[in-house]
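The values are calculated or read from the model by the stated rules, or taken from the named source; none is laboratory data. This structure is a prediction, so every number in the text was calculated from the model and none was measured. Virtual Cβ from ideal backbone geometry, glycine too; neighbours counted across all protein chains shown.
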């Protein structure tokens with residue numbers, strides 16, 4: 001197959017795409033977010049995990065059929081241009097770019113913190129340099145090419161999954177179980193609002209499957225591969241999330257589980273200390289280290305591809321669309337993203353990711369579902385009810401976002417609209433819908 005200049009290489013099959021999705025999902029979601037959601041919804045966090053998975057599947061199938069019909073890098077940024085308009089397309093790319101760059105910085109700092117904890121070294125003075133070192137190493141991995149990156153990703157994801165499986169087995173075989181564990185599984189009238197909030201938190205924890213769509217230009221047989229990869233990724237993630245939550249809540253109550261998060265500790269590590277197994281807590285910390293590396297690696301992949309797409313259209317400097325002849329990697333976009341993440345790491349603004357994540361993710365996937373509703377009958381892979389449910393769920397869950405998050409998100413959006421207007425005039429960017 002002849003490759004045109006500036007095109008990326010289609011080298012990912014179903015296994016590689018699934019590993020990319022799992023590497024993006026099995027990070028803060030399983031090691032932190034379950035504890036936060038447990039503090040909100042109590043034992044019913046187990047049902048919130050399942051409900052959030054259903055919402056994620058609707059959104060994931062919308063992403064999958066869009067990527068199958070338009071398999072290029074950029075994800076919803078490109079879909080918005082093709083099926084809606086330039087403003088909504090740019091909005092998706094802009095919000096994704098900034099929020100996920102901050103998330104990547106959080107993952108880098110998290111990796112450094114967990115690694116220092118594992119080694120017993122003090123965090124002061126070493127946290128930022130170690131985070132930057134991890135970022136540099138993974139940037140080099142990404143610059144090697146998608147095939148080698150996928151191989152490294154497979155090792156990282158494999159280690160993370162093994163640690164989670166060990167947690168589940170040890171917790172059920174060696175853990176001290178509570179007599180009243182999961183006794184309040186079903187939410188009642190007064191707790192329904194908390195349950196809905198927990199569903200929103202856990203939905204955000206699932207959204208790493210979007211990396212599969214952003215790599216659409218590097219997937220083999222995208223019309224077949226992407227839908228299968230999204231469904232398998234979400235299915236495996238739901239099972240792991242659910243089993244981890246049940247195991248943790250069988251050993252400690254929901255309030256204690258959430259308190260571990262508030263104290264700044266790795267909640268699964270603290271739960272593992274309840275097991276009558278030497279080294280179990282350290283094993284959980286090791287899993288957190290590999291999980292954070294996986295998140296950072298896959299965000300570098302996804303963000304660089306979105307920036308590549310924005311450079312191609314002129315929404316960002318066109319030099320960011322350069323692709324190497326040898327490895328087929330968008331090298332300028334990858335380095336630019338690494339520099340942006342590195343700057344955020346140096347500032348240490350880890351709260352920025354959480355301030356924007358819920359708002360931006362809901363905007364991003366609302367636009368995704370709106371695009372899916374514009375598909376023609378011969379383009380659709382699934383019934384129209386799927387994107388309808390996805391759109392309604394995103395808009396409904398957005399009502400549970402705090403007011404200050406709304407204001408911060410709207411401010412970021414306003415800056416983006418001004419930048420889009422300026423960029424279109426400076427670079428001749430595309431104003432109307434793409435052909």
statement: Apart from one, (1) over 29 Å from residue 64 (Cα atoms); (2) crowded, with 16+ Cβ neighbours inside 10 Å; (3) at pLDDT 75 or above all hold for residue 350; the odd one out is (3)
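Among the residues of segment 271-281, are any under 23 Å from the mean Cα position of the chain (by Cα) and modelled with pLDDT under 90? Please lay out each step first, then the result.
So the first thing to find is which residues in segment 271-281 are under 23 Å from the mean Cα position of the chain (by Cα), and the list is none.
No; the residues of segment 271-281 include none that is under 23 Å from the mean Cα position of the chain (by Cα) and modelled with pLDDT under 90.
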field: Criterion violated by residue 98 - all others in (1) within 27 Å of residue 424 (Cα to Cα); (2) not in a helix (DSSP H, G or I) satisfied
entry: (2)
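Given the options 239, 295, name the one that is without any contact (Cβ under 8 Å) to a residue 24 or more places away in the chain, assigned to a helix (DSSP H, G or I) and within 24 Å of residue 19 (Cα to Cα). Step through it out loud before you land on a result.
Working: 295 fails: without any contact (Cβ under 8 Å) to a residue 24 or more places away in the chain.
None of the others qualify; the one that does is 239.
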task: Pairs only if they're at least six apart or on different chains, beta carbon under 6 angstrom, first in segment 385-414 and over 16 Å from residue 361 (Cβ atoms), second surrounded by 14 or more Cβ atoms within 10 Å (Cβ to Cβ) and at pLDDT 80 or above; list them, first residue then second.
output: 386/58; 386/61; 387/62; 387/369; 387/372; 387/373; 389/58
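From the set of residues in segment 324-347 that are closer than 25 Å to residue 72 by Cβ, surrounded by fewer than 22 Cβ atoms within 10 Å (Cβ to Cβ) and in contact with a helix residue (DSSP H, G or I) (Cβ under 8 Å, 6 or more places away or on another chain), which is modelled with the lowest pLDDT?
Step one: list which residues in segment 324-347 are closer than 25 Å to residue 72 by Cβ, which gives 324-341.
Checking the rest, the ones that are also surrounded by fewer than 22 Cβ atoms within 10 Å (Cβ to Cβ) come to 324-328, 331-332, 335-336, 339-340.
Narrowing further to those that are in contact with a helix residue (DSSP H, G or I) (Cβ under 8 Å, 6 or more places away or on another chain): 324, 327-328, 331-332, 335-336, 340.
Numbers: 324: 85, 327: 73, 328: 78, 331: 90, 332: 93, 335: 95, 336: 95, 340: 92.
Ranking the qualifying residues of segment 324-347, first place goes to 327.
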query: For residue 66, are the conditions met, namely being in contact with a helix residue (DSSP H, G or I) (Cβ under 8 Å, 6 or more places away or on another chain), surrounded by fewer than 24 Cβ atoms within 10 Å (Cβ to Cβ) and part of a helix (DSSP H, G or I)?
result: no
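Regarding segment 80-88, can at least one residue be identified that is touching a residue at least 12 places away in the same chain (Cβ under 8 Å), surrounded by fewer than 22 Cβ atoms within 10 Å (Cβ to Cβ) and not in a helix (DSSP H, G or I)?
Looking through segment 80-88, at least one residue is touching a residue at least 12 places away in the same chain (Cβ under 8 Å), surrounded by fewer than 22 Cβ atoms within 10 Å (Cβ to Cβ) and not in a helix (DSSP H, G or I).
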message: Condition check: assigned to a loop (DSSP other than H, G, I, E, B) and either crowded, with 18+ Cβ neighbours inside 10 Å or modelled with pLDDT under 90 (or both). Does residue 360 satisfy that?
response: no
- prompt: For residue 220, which of the numbered conditions (1) out of contact with any strand residue (DSSP E or B) (no Cβ under 8 Å at 6 or more places or on another chain); (2) farther than 13 Å from residue 34 by Cα fails to hold?
  reply: (1)
- prompt: From the residues in segment 118-135 that are assigned to a helix (DSSP H, G or I) and more than 19 Å from residue 285 (Cβ to Cβ), which one is modelled with the lowest pLDDT?
  reply: 128
message: List the residue pairs whose Cβ atoms are under 6 Å apart, where the first residue sits in segment 31-44 and is at positive phi and surrounded by 24 or more Cβ atoms within 10 Å (Cβ to Cβ), the second is at pLDDT 80 or above and assigned to a helix (DSSP H, G or I), and the two are 6 or more positions apart or on different chains.
response: 42/254
